[in-house]
Amino acid sequence: MKAGSNLEKVLESGKFAVTAEIGPPQSANPEPLEHHAKMMKGFADAFNLTDNQTAVVRLSSIASAVIIMRESVEPVIQMTCRDRNRIALQSDLLGASALGVKNVLCLTGDHQTFGNEKGAKNVFDFDSVVELQVFDALRREGRQVGGEVIKDPPKVYLGCAENPFATPYEFRVSRLAKKVAAGADFCQTQAIFDMNMFEKWMDEVRARGLDKKVHILAGVIPMKSAGAARYMKNKVPGMIVPNEIVDRMKNAKDAKEEGVKLCVEQIEHLKAVKGVHGVHIMAVAWEEIVPKVAELAGLLPRPKSE
Amino acid sequence: MIVAKRKPLNEIADMVAPYKKVAVIGCRSCVAICLAGGEKEVKMTVSALKVKNKKEGRRQEFEALVVERQCEKEFVKEVEDKILSSDLVLSMACSLGAQTIGDMYPDHLCFPGLNTGFFGVPEEQGVWSEKCVGCGNCIIHTTGGICPISRCAKSMLNGPCGGSSNRKCEVNLDIDCAWAAIYDRLKLQNRLDLIESITPAKDWSASHAGGRRVYVREDARLTPHQKKGREAVQ
Ligand code: SF4
Ligand code: SF4
């Protein structure tokens, strides 16, 4: 065991894992986090706490992790390279580990022009691949990127994200391979709507033996409305939403119900794809729906964590 | 070349308003090529300022001047008397020209008339694009001759990120994704192996991150004796 996290135990024992996302609030109020933790406890193995996602200032992911751990819920902290240089990244990794955080997702990060602080100076000292490589050396050998070797290195389970739907498509498996070589233990994918394209990507992942080296958690997003489908199709770079799905949401009598149904179907489908070791449910601003999705998709009960 | 843009006329007008006699000095190098501060732009700016003053009933004297390369002292010297007889210099060179004048005549005011943007190239008539940020340790032999530090919005070393869409950048869908371009170029050159392996953390100490840079070439420097000789000639 690298970190001994619940997520690690589930994945390493060969069970199908479930992770979900909790978006920290745009305030100093811990209650929304506590509420979501209580509500979703037992419906997923670990919960991602986003790191100022889309560059909107929010309660920090590490602080959020500590808040949900008080509810006995396991966090995955996201750490982007946008706002921290190598000194801060390594320092925060040590701090997070000392606070009991065991899962870390390494991300380059959304550019600040997407968010609510467009005048910010970004950092990007690292990208996600370098971040993984540096964190991996730090956890395995206690070796910092500058060469100093420290005592009591952090014990963390390292994750990455990958997007099979970004260009150039023919490079996306190679990019995953780089992250695996850099030290990723698990990978949460971008939300999947185009199953054919995802399966093609998985074919190559398996052909290169990467499914044996990294646990792939397929990303899904339950949609609330046809507007959400259209927005993701047209406005989110690197996201592919087929027309059938937009139409299905548009023609639905009850869009929310249809969104759940669709998501459940997608999970059922993904469970059968060889090499997929779990799902990652990103119910952005709709956390309440996660228990229902998990239940309907037959993901319950979750393995007991001791 | 250095690519710059002229400041908006109103900003310039406000900046120079308190000064009676203003020497507007352009440069015939980069900023002339990027149509920001060459002879033509200096003249146009001076006449626009005059028109504005006339409308608003303000009296100021402007002189339009241009030097070969404002970042070199020798060329600035040629207009020294004009600088010294003015109340203010409005530099229409890049900030390097403006700072050269400022450093040569520290008790004299020199304001920037341009916003200096980046190191770039003219792509076509009227279009300039950034291609280097002077990181001090060039790596483009490994990236198909395309600079990821300046041309990728996130200066990634292992791109493209998950936002690359139709080979365009997530930050601006009108701009090519640098890493998609690198991939295509390396493929063309049969060198995709370069992008398959990890590029580790970059040492930024050779960039501005390491502090202000001054490069010295001892073999090119003048001896004290040579310096004296040159001063005597001037
Ligand atoms: S790698 Fe550095 S020196 Fe080379 S073009 Fe890019 S910024 Fe300039
Ligand atoms: S889309 Fe391409 S250029 Fe833009 S940030 Fe991502 S990798 Fe860089």
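Read-outs throughout are calculated quantities, based only on the coordinates presented, and are distinct from any laboratory measurement. Keep in mind that this is a model prediction, so the values were computed, not measured. Quick reminder, even Gly has a Cβ in these numbers, built from the backbone with ideal geometry, and neighbours come from all protein chains shown.
Some points to look at:
- Region B:2-118: mean projected area of Cα convex hull, nm²: 6.1 nm²
- In region B:163-234, Cα pairs under 8 Å separated by at least six residues give a relative contact order of 12 percent.
- Rounded to whole Å, sorted largest first: equivalent-ellipsoid semi-axes of region B:101-167, Cα gyration tensor: 33, 16, 12
- Across all C-alpha atoms in region A:181-223, the radius of gyration and Dmax reach 11.1, 34 Å.
- Note on chain A: with a GNM built from Cα contacts shorter than 10 Å, the maximum mean-square fluctuation among A:A46, A:A181, A:A294 falls on A:A181.
- Here region A:6-296 is treated with +1 on each Lys and Arg Cβ and -1 on each Asp and Glu Cβ, and its dipole about the Cα centre works out to around 280 debye.
- Structural size metrics of chain B, computed from C-alpha coordinates, are Rg and Dmax of 22.2, 67 Å.
- Extension gain (nm, one decimal) between B:I139 and B:S207, 0.36 nm per residue minus Cα-Cα: 23.2 nm
- Reachable lysines, given that their alpha-carbon falls under 18 Å from the alpha-carbon of A:K41 and they are not under 8 places away in the same chain: A:K9, A:K102, A:K292, A:K304
- Overall form of region A:51-143 per C-alpha gyration tensor (a/c, 1.5; a/b vs b/c): oblate
- Helix axis angle, A:226-235 relative to chain A longest principal axis, alpha carbon, degrees: 50 degrees
- Cα pair distances exceeding 24 angstrom across region A:6-296, given as percent: 50 percent
- Under the convention that each Lys and Arg Cβ holds +1 and each Asp and Glu Cβ holds -1, the size of the dipole of the protein assembly as shown around its Cα centre is about 600 debye.
- For the protein assembly as shown, the mean residue ellipticity at 222 nm estimated from helices alone is -10500 deg cm²/dmol, where every DSSP H run of n ≥ 4 contributes -39500 (n - 2.57) and the total is divided by all residues, rounded to the nearest 500.
- A compact globular protein would have a Cα radius of gyration near 2.2 N^0.38 Å; the ratio found for region B:97-230 is 1.42.
- DSSP bridge analysis restricted to chain A gives an antiparallel fraction near 5%, rounded to the nearest 5.
- Candidate cross-link partners of B:K228 among the lysines, defined by an alpha-carbon separation under 25 Å and a same-chain spacing of 8 or more, comprise B:K73, B:K77.
- Cα-based Kirkwood hydrodynamic radius, the protein assembly as shown, one decimal, Å: 26.5 Å
- A quarter of the convex hull surface defined by the alpha-carbon atoms of region B:169-234 gives 10.1 nm² as the mean projection.
- Stokes-Einstein D for region A:184-306, Kirkwood Rh over Cα pairs, 20 °C, 1.002 mPa s (µm²/s): 142 µm²/s
- Nearest-ten-degree value, helix B:178-188 long axis tilted from longest Cα axis of chain B: 60 degrees
- Overall, the ratio between the Cα radius of gyration of region A:18-78 and 2.2 N^0.38 Å, rounded to two decimals, is 0.98.
- Debye intensity ratio I(q)/I(0), log10, region A:1-53, q values 0.27 Å⁻¹ (C-alpha model): -1.05
- For region B:2-118, a crude dipole built from +1 on the beta carbon of Lys and Arg and -1 on the beta carbon of Asp and Glu, taken about the Cα centre, is about 600 debye to the nearest 20.
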